[in-house]
Structures are given as structure tokens and as C-alpha cells.
1. Assuming R0 = 25 Å, what is the FRET efficiency of residue 91 and residue 71, from their Cβ-Cβ distance, to the nearest 0.05?
2. Can you tell me the 0 to 90 degree angle between the C-alpha axis of helix 264-279 and the longest principal axis of the chain, rounded to 10?
3. Which FRET efficiency value, to the nearest 0.05, is calculated for residue 196 and residue 307 with the Förster distance at 25 angstrom and r the Cβ-Cβ distance?
4. Could you let me know the centre-to-centre spacing of the range 90-134 and the range 244-318, using Cα atoms, in angstrom?
5. Please give the helix 304-319 orientation as an angle from the longest Cα principal axis of the chain, in degrees from 0 to 90, rounded to the nearest 10.
6. Taking the mean number of other Cβ atoms within 10 Å as a proxy for protection, how do you rank 109-116, 28-35, 126-133, 44-51 from highest to lowest?
7. Run the numbers on the range 273-381 and let me know its relative contact order in percent, using alpha-carbon pairs under 8 Å that are six or more apart.
8. If packing is taken as the average count of other Cβ atoms within 10 Å, what order do 16-25, 180-189, 255-264 fall into, highest mean first?
């Protein structure tokens, strides 16, 4: 009898712990997110974007899940050619595209989302796309650069997107034919972390919870307002990081030996096309960024850049992506000054160049939005 009572007591204790964990998680998803995360990462800004340098992407995706459903969402994905981390939101390509599309369509309900990351590889991009398709994103815009397709990477991913994949995200990739790629390129530890983080907000926001707990302890124990002011977290700013670089040992920036097919990054190009075809037909835009005409002959091996463009065109045509080539659309004056010496920056646009590129993107993004604004009528037959 006593052993039965002890077992019953153990069961009751377990139930109490589970109930407590569920209650805490509910509080984290609701009041904590609204009172701490939103004022730091959302409210002060005019653009939804990742402001953690790829370290805690759960914040951006949770913001997207909580946004009003009435808005039409356009997510822009790319590397440092899109992610101008050293400028204000109002001068970024995603923000400028949103402003241009709203004027062009005469609609105020178009919301642009900056899903770019400095140094992004194609392998990061496909996981971003898979997740964004699960957050009611209407249009995907992928700005492609040849540097996103190295055979051997400095790091497999530049963000922690592989730690963010939920079961629904994984199923989406598998259904698009990416099961083998997923098994070969996302290890079990990252998959398990993603499954835990996607279902347990307390774990996903553990760092922010520690900050709040520490601040609360200081308030209660010290009550020193001057000290509290010094200990307050700094305002959130986008973390500026350098894009990982692959050493070519060649006079060319991009060589077939370093960036040619096949590779894990090239393998996802077809997968990106299939995801768009299956989950956002006619609503995916893929474009190539501009190349500085100054010193362009030194950028890639002869004929290699043309092979790259041809491959992108084939994939875009096969899967019905809206395709644009902006390689030769800028002048040397539209590019940034070299940060570490040299005569020119080959791919990074300055403020003028970003405005020009955003203006060019208005038309294809508006084209992609047509099926959202006025979906085609189904035949009654």
C-alpha cells in the first residue's frame, strides 16, 4: 500500500512539474514576448529583420507569426549584397522595395521582410525559404550571388537557421525532394535542437530570460537607479559581421575549382526551385545582383560567370520562377568604396546603387503579387 502511495505521489509531482513548465512556456510566448522582446526588437524599427546576426532567428519568425494576417508579405533573402548592416533601415533594399511596391500598386498593405544575412550561402537560403513558407509569406525574393555557391565553405552555415527547423519545415523540404540533401547536410544534433526550440519557447528565449532575471535581481537587491541605468541592456542593433571568404589562390575572385558544380550549395538550387513551385507558384522572384564594371574581368574565370547565369536561367524556367538578371545595371559610382584597399568593391552597392536596384525590383515583385491580390478564378467544370 505504501509503495502504491509513493508511486502516486511521484506521478502527482511529475504532473505538477509539467503543468508548471507549460504555464511558464505560455507566459514566455505571450506576456514576456510582448513586454520584453517586442519593445527591443520590433517596436523601435520600421522594418522586420533579424537583428541578432543570425544567432536567434526565432525572434524574427515569431514576429512574423504574430503580425496581422491582413498584410501581404514579401520576404527578401540574400547575402551582404542585400544586407546593408551599416545603414539605417530606410536605406536598405527590402525597405526601399516595399516603399516602391506600395506606390506602384497603390496599396498600403504590402509588408516587406528583410531575411538577408551577411555571408549567406545557398544552403542557408533554402532553409530560410522553407521556414518563411510556413509563416504565411506571400512572395519570396531571392537575390543570388555566385559567392553563395562555394564547394568548401569556411563554415557550413553562417546563421543558426539549421537550429530553427520545425517538424513542418522539415516535412516541407522532404516533400520537395530534399530528404537526401537534408540527411547529408543537417546533422541530428541541429535537427533535435530545432524541434525543441520550435516547441519550447522557454528554451528558445533562455538568454533573454536570463537578462530579465538578472535585471530584476539587481532592482530588488540594490535599488540603485544610477547603477541600474548603467546595467540596462544596450539598444538592439544589427550585428555587423564579415562575410566568410574562400581563398582562391587565383587572380580571380571566383573560380570553377572553388565555386563550380557540384557542391552542397549548388545542390539546393533545384530544391529552392521545387519549394517555390510547390508552395508559392508564380510568387518567387530570383535575381542576380549587379557587378561593378570596373575590373569586372578580374572577378571570375573566363566564361564561368556566364555558365553560372545560364544555370540560374534554367532553374528559373524549369520551376516557374520570375527571373531577372541585374548583372550589368550599375556604374562604378553605384558601388561602395573598398573597405580594405583596392580600386573597387566588385559587388556591394552604396546608397545610390541600392536605390537603383530597389527600383528595378518593384516590377517583378509587383508581378509576383498579382496572384495574391487577384487570385485566378477556378473553373466550375
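We did not get these values from a lab; they are worked out from the coordinates using the rules stated. Bear in mind the structure is a predicted one, so any value in this text is a computation, not a measurement. No Cβ is skipped: glycine too gets one built from the backbone with ideal geometry, and neighbour counts run over all protein chains shown.
1. The pair residue 91/residue 71 has a calculated efficiency of 0.70.
2. So the helix axis and the longest Cα principal axis differ by about 80 degrees.
3. Efficiency, rounded to the nearest 0.05: 0.05.
4. If you average the Cα positions of each part, the centres end up 20 Å apart.
5. 60 degrees
6. By packing density, highest mean first, the sequence is 126-133, 109-116, 44-51, 28-35.
7. Numbers: 119 pairs, mean separation 36.7, N = 109.
So the answer I get is 34 percent.
8. Going by the mean number of other Cβ atoms within 10 Å, highest first, we get 255-264, 180-189, 16-25.
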